[in-house]
Amino acid sequence: MSTRWRDKAAQRPRTVQLAALLLLFGATATGSFVTGWVAEEPLAPWPGILLSAVCCLALFWRDRHPLPVLGVITVLTMAEGAIGYLITPLLMGPLMVALYSVGLRAHRITARNVSLLATVCIAVTGLFLDPYNHPVLLGVVNPAAYLLLSALLGSYVGVRRTYAAERAERAARTREEEARHHVVQERMRIARELHDIVAHHLALANAQASTAAHLYRTHPDEAFEMLTTLSTTTANALRELKATVGVLRQDTEPADSLTPAPGLGQLPDLTAAYAGTGLDVDVTVSGRPQPLSSGADLAAFRIIQEALTNVTKHAVSGRADVRLVYLSRSLSLTVSNEMSAGPPASGAPTADRGFGLMGMKERAQSAGGKLTAGPHDGEFRVSCTLPLQPTD
């Protein structure tokens with residue numbers, strides 16, 4: 001029931017304002033009658049009622065012109081006191097509403113100054129302009145206390161509204177910053193995926209094409225088989241690229257339309273693909289294999305994939321060693337290959353150059369691990385440690 005009335009009130013603000021002012025006028029007019037009843041000499045209520053009507057009418061403009069409205073109502077209230085009416089809270093209703101509006105809408109210092117000025121004016125009226133010399137407690141202290149209370153209440157509500165608006169603005173800015181951060185993170189994730197897919201499959205395709213060209217004259221059957229493998233490699237590359245780029249074309253991310261992310265379970269297929277290019281990959285697993293989270297599993301697979309791709313590009317021998325060591329709380333993986341005795345070639349990977357090494361480090365960090373890469377005892381070694389996060 002209350003909700004329905006609130007909705008109706010929100011749809012008719014002018015009607016609600018008029019009804020509130022009529023109620024206020026009724027209370028103020030009652031104050032004029034009360035003063036006439038308690039006065040020692042008969043006092044007609046009609047001047048007070050007329051002045052109260054003008055005060056309530058002036059409140060129609062309090063939202064747009066709070067300070068002028070306060071000035072007009074203060075003067076009219078002083079006139080009521082000068083006529084002889086006792087300035088009670090009922091009679092000061094319009095003035096209290098005007099002070100509340102000033103405290104709510106005006107600057108804090110301005111609201112404080114004009115509120116004190118209005119209070120002083122009413123106090124002066126009770127002290128020097130009252131023809132009936134009402135008691136100081138009723139004619140001065142009581143009105144001043146009610147006026148200051150109205151001004152403080154308006155200032156308090158105004159401060160609360162300002163704080164709520166600033167808090168909502170900060171929350172909106174925070175949401176925008178978080179959204180931008182998520183966009184940047186998603187761009188980096190997609191960039192890493194595209195780099196891994198393109199680098200891996202193009203390296204395989206290049207190695208297979210070179211091997212097929214080398215075997216074409218002497219072993220045509222093997223060359224034909226290599227070309228068939230090359231077709232499979234390019235088809236896989238196109239399929240993964242389509243799945244990755246397809247995410248950018250969708251407003252949502254339907255999980256059932258995408259193939260599962262690769263992980264260490266596809267490691268045998270990965271090493272078999274490189275074996276077709278002439279790269280001998282030796283995989284060693286130590287410890288009891290334990291499940292990893294999807295992020296750590298994908299990171300481990302992509303790091304091994306990128307490391308083997310670098311081996312096909314830069315290694316002097318056709319051999320790479322992959323070692324997986326399952327510890328109590330972490331997985332340690334190492335990919336190593338033999339380096340030449342002389343200085344590294346211009347295209348050889350280094351620990352501080354190349355998007356491949358950078359991408360591997362970012363993947364390890366995103367999964368909560370760390371990665372190092374560089375020469376070690378005549379080998380180029382990529383070492384990574386990822387935390388184990390068993391799934392239920």
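The values are calculated or read from the model by the stated rules, or taken from the named source; none is laboratory data. A quick note: this is a predicted structure, and the numbers were derived from the prediction, not measured. Because the Cβ atoms are built from the backbone with ideal geometry, glycine has one as well, and the counts that use them run over all protein chains shown.
Report yes if residue 132 is modelled with pLDDT under 85 and hydroxyl-bearing (Ser, Thr, Tyr), otherwise no.
On the way: modelled with pLDDT under 85: yes; hydroxyl-bearing (Ser, Thr, Tyr): yes.
Criteria met by residue 132.
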Name every residue in the range 295-316 that is farther than 12 Å from residue 386 by Cα and either assigned to a helix (DSSP H, G or I) or basic (Lys, Arg) (or both), in order of residue number. 302, 304, 305, 306, 307, 308, 309, 310, 311, 312, 313, 314
Go through the residues of the range 116-123 one by one and say whether even a single one is surrounded by fewer than 16 Cβ atoms within 10 Å (Cβ to Cβ), outside any helix (DSSP H, G or I) and modelled with pLDDT of 90 or more. no
Among all residue pairs at least 6 apart or on different chains, which show Cβ distances below 8 Å where the first residue, located in the range 47-60, is closer than 11 Å to residue 91 by Cα and in the same structural domain as residue 102 (by TED's automatic domain parsing) and the second is acidic (Asp, Glu) and in a helix (DSSP H, G or I)? 48/80; 51/80; 52/80
Top-ranked residue in the range 88-115 [being farther than 22 Å from residue 56 by Cβ and part of a helix (DSSP H, G or I); ranked as modelled with the lowest pLDDT]: 108
Cβ-Cβ distance below 7 Å, separation of 6 or more or different chains: which pairs start in the range 84-102 with a residue that is in the same structural domain as residue 123 (by TED's automatic domain parsing) and in contact (Cβ under 8 Å) with a residue 60 or more places away in the chain and end on one that is outside any helix (DSSP H, G or I) and of a type outside the set (A, V, I, L, M, F, W, C)? 91/85
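Inside the range 135-149, can you point out the residues that are at pLDDT 90 or above and either in contact with a strand residue (DSSP E or B) (Cβ under 7 Å, 6 or more places away or on another chain) or aliphatic (A, V, I, L, M) (or both)?
Taking the range 135-149 first, the residues at pLDDT 90 or above are 140-149.
If the condition is that a residue be at pLDDT 90 or above and either in contact with a strand residue (DSSP E or B) (Cβ under 7 Å, 6 or more places away or on another chain) or aliphatic (A, V, I, L, M) (or both), then 140, 141, 144, 145, 147, 148, 149 are the ones that fit.
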